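Asker: I'd like to ask you about the structure that follows.
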Amino acid sequence: MNTIIRWILLALLIIFIAWIVPGITVSNFISALLVVLVIGLINAFIKPFVEFIALPINFLTLGLFGLVINALLFILAGKIAPGFQVEGFWNALLGSVILSVLTPLINNLTVKKDK
């Protein structure tokens, strides 16, 4: 049940990001749910490979190139997910930073605490 709640909250976060960042659009809530699924699949399968390839550049930039990787993968999600568009690198960078900052908060809200 926590996974479904987390998925819905992340979809609402995607809609919030589209509302704040002018170059990002989401057509409806179903599209936002698909975006969350696509971003999850990208983070699981593509991101580790890209980060491994970019490890020397990331090391030289003290991790700042990781922001570029996140923005490019956010653009990729915009190309894959129907009803989700990302226009421009800077919009993708801002959207991915907001997503990266607020996702742990959502995860902390939905995790069961053992007492």
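Asker: Checking the condition on the phi > 0 side of the Ramachandran plot and of a type in the set (A, V, I, L, M, F, W, C), which residue from LEU105, LEU62, LEU67 passes? Reasoning before the result, please.
Answerer: Numbers: LEU105 fails: on the phi > 0 side of the Ramachandran plot; LEU67 fails: on the phi > 0 side of the Ramachandran plot.
Going through LEU105, LEU62, LEU67 in turn, just one is on the phi > 0 side of the Ramachandran plot and of a type in the set (A, V, I, L, M, F, W, C): LEU62.
Asker: Restricting the search to region 81-115, which residues are loosely packed, with under 11 Cβ neighbours inside 10 Å and more than 18 Å from GLY40 (Cβ to Cβ)?
Answerer: LYS112, LYS113, ASP114, LYS115
Asker: Tell me, which helices (runs of 4 or more DSSP H) wholly within region 1-99 include 2 or more residues that are touching a strand residue (DSSP E or B) at 6+ places or on another chain (Cβ under 8 Å) and within 26 Å of THR110 (Cβ to Cβ)? Walk me through it before giving the result.
Answerer: Details: elements: 2-20, 29-41, 47-53, 55-60, 65-80.
Result: 2-20, 29-41, 65-80.
Asker: Scan region 59-90 residue by residue and report those that are of a type outside the set (Asp, Glu), closer than 19 Å to ASN28 by Cα and either touching a residue at least 40 places away in the same chain (Cβ under 8 Å) or touching a Leu at 6+ places or on another chain (Cβ under 9 Å) (or both).
Answerer: Result: PHE74, ALA77, GLY78, ILE80, ALA81, PRO82, GLY83, PHE84, GLN85, VAL86.
Residue-by-condition table, conditions (1) basic (Lys, Arg); (2) over 26 Å from MET1 (Cα atoms); (3) more than 12 Å from the chain's Cα centre (by Cα); (4) modelled with pLDDT under 95:
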residue: ILE14; (1), (2), (3), (4): no, no, no, no
residue: ILE17; (1), (2), (3), (4): no, no, no, no
residue: GLY40; (1), (2), (3), (4): no, no, no, no
residue: ASN70; (1), (2), (3), (4): no, yes, no, no
residue: ALA77; (1), (2), (3), (4): no, no, no, no
residue: GLY88; (1), (2), (3), (4): no, yes, yes, no
residue: LEU109; (1), (2), (3), (4): no, no, yes, yes
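Asker: Taking the condition under 18 Å from GLY23 (Cα atoms) and not polar (S, T, N, Q), does LYS47 pass? Break it down into steps so the answer makes sense when it comes.
Answerer: On the way: under 18 Å from GLY23 (Cα atoms): no; not polar (S, T, N, Q): yes.
No.
Asker: Still on this structure, please answer the following. With in contact with a Gly (Cβ under 8 Å, 6 or more places away or on another chain) and under 24 Å from ILE20 (Cβ atoms) as the only criterion, which of VAL68, VAL86 stands out? Show your work before the answer.
Answerer: Values: VAL68 fails: in contact with a Gly (Cβ under 8 Å, 6 or more places away or on another chain).
Just a single option satisfies the conditions, and that option is VAL86.
Asker: Could you run through region 16-29 and say how many residues are in contact with a Phe, Trp or Tyr (Cβ under 8 Å, 6 or more places away or on another chain) and exposed (fewer than 15 other Cβ atoms within 10 Å of the Cβ)?
Answerer: 1
The values are calculated or read from the model by the stated rules, or taken from the named source; none is laboratory data. Everything numeric here is computed off the predicted structure, so don't read it as measured data. Neighbour counts are summed over all protein chains in view; Cβ atoms, including those assigned to glycine, are modelled from backbone coordinates with ideal geometry.
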